[in-house]
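Working notes, beginning with the structure itself.
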Amino acid sequence: MTKIDSEIKKLYYSIGEVCKLTGLKSYVLRYWETEFRELRPPKNRAGNRTYRKKDIDTIIKIKELLYDKKFTIEGARNQLAITPQVSDTSDEGTTEKPAPIVINSSKEASILLEVRDQLKSILDKINS
């Protein structure tokens, strides 16, 4: 358990509390909301942002990508899009399978089947 995980005990956090937990300035968090669609904390009746643990985990991941791994914002955005989000109950030593993709329409299913068939065809040509 990281230091930040041990400090997270509430359901909702203000932007000031998230700043203290993550070591970031509030203007950085507000800017990241405009750049990362995964980071959209809801607002309460007073119009204040209410961050949840999931939002804080996303902020920590963005911070790691930008500050530690030196990704650009575009690169971090792409990395977040392809990296499955880790559930709150997972242990650090175990690896989980990503959640299955849910197909919402027959049109999506037919497109995926067509892509699969085309990929199989390409693979057959490469192997022959």
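Throughout, read-outs are computed from the coordinates displayed, never taken from laboratory work. No experiment lies behind these values; they were computed from the predicted model shown. Note that we place each Cβ from the backbone using ideal geometry, even for glycine, and neighbour counts take in every protein chain shown.
When restricted to residues that are surrounded by 16 or more Cβ atoms within 10 Å (Cβ to Cβ) and in contact (Cβ under 8 Å) with a residue 40 or more places away in the chain, segment 25-51 contains 2.
The set of residues in segment 27-66 that are of a type in the set (A, V, I, L, M) and either over 18 Å from Lys10 (Cβ atoms) or assigned to a helix (DSSP H, G or I) (or both) comprises Val28, Leu29, Leu39, Ile56, Ile59, Ile60, Ile62, Leu65, Leu66.
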